[in-house]
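Report on one structure; see the data block that follows.
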Amino acid sequence: MNEPVTSPVAVVGPGAIGGLLAAMLQRSGHDVVLVAREATARHLDAHGIDVVTDLFGSWHADLPARTDVPAGARVLITVKADGVAWAGNLLRDAAPSEAIALLNGVEHMSGLRAAAPGVVVHGGAFLGQTRRTGSTSDTAPLQVRHFFDLLKVVVSDDAAGLGLVGDLAAAGADVSAGGSEPRVLWTKLRSLAALHVLTCLHDAGIGGALDRDPALTAGVLSELAAVTSAEGVPTTPADIETTLRGFPPATVGSLHADLAAGSEGELDPIVGAVVRAGARHGIGTPTLTDAIDRLRGLVGAARP
């Protein structure tokens, strides 16, 4: 059972996911602080976040922001892959009472634990399409946009009793326990990698992208299923396809916006991580390897 707790919730990395969950937790009555690098923290502290969702409506969240984690806080880590070492150092110095990482991929957990030895960090997964827009160089609030009605948080069984997990559920997230940590992370990664590859290569939502090039889809899903199974999470291509067809048809990977903005985003921590895992197991991933090269060629390219 999740016991009532009073320690603050610190959200490290208040991008789209972190900003959304922080605003939801604050709206449900929790003491929440955003933790960001100096310029972002200063802007958020002064101007807050405008939240726009298809599921819960819209509101403005005035959230305090700082550059360190309060000692003993309960922590959500929602940084991108390039912020793992920074976040780990903050955890080490704060000795949090609870810590859940909701990052994409699987390789980040070893980095967090190496940077913060002695801190128990649980890996989880966020499912939903979000985007943060705006600039810290002006005086307007940053905007977090959540699309459609998918907003799920999956944690490992050993994290299910944390107070923070109960708080997320009470705030409106669809929260569940999904087995071991590797199962939780790989179950998300197998679908996320396919979502990124197919929607970005076809410049289309997943509903259309799945059927645009059947040979490409088959290659992507079969390679992802083989690597995920080798990692201890038995998977068939049909399992991944079923998950993808359950998403809102217009869903695209976050990489879609990154490529248009001239960045590789998390292409390597997501798709590259699968290729590296395949190599460790002696599993060839020619379709995914080719997709990475093609996607890198789209960085900053105009799309029709």
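Screening the range 88-106 for residues that are hydrophobic (A, V, I, L, M, F, W, C), more than 22 Å from residue 186 (Cα to Cα) and touching a Gly at 6+ places or on another chain (Cβ under 9 Å) and picking the one that is modelled with the lowest pLDDT gives 95.
When you go through 12, 79, 84, 52 one by one, which is the residue that is β-branched (Val, Ile, Thr), in contact with a Ser or Thr (Cβ under 9 Å, 6 or more places away or on another chain), touching a residue at least 24 places away in the same chain (Cβ under 8 Å) and crowded, with 19+ Cβ neighbours inside 10 Å?
12
Counted as qualifying within the range 208-304 are the helices (runs of 4 or more DSSP H) with 1 or more residues that are of a type in the set (Val, Ile, Thr) and farther than 24 Å from residue 80 by Cα, namely 214-230, 237-245, 286-296.
The values are calculated or read from the model by the stated rules, or taken from the named source; none is laboratory data. Keep in mind that what you see is a predicted model, and the values were worked out from it rather than measured. Here Cβ is always computed from backbone atoms with ideal geometry, including for glycine, and neighbour counts include all displayed protein chains.
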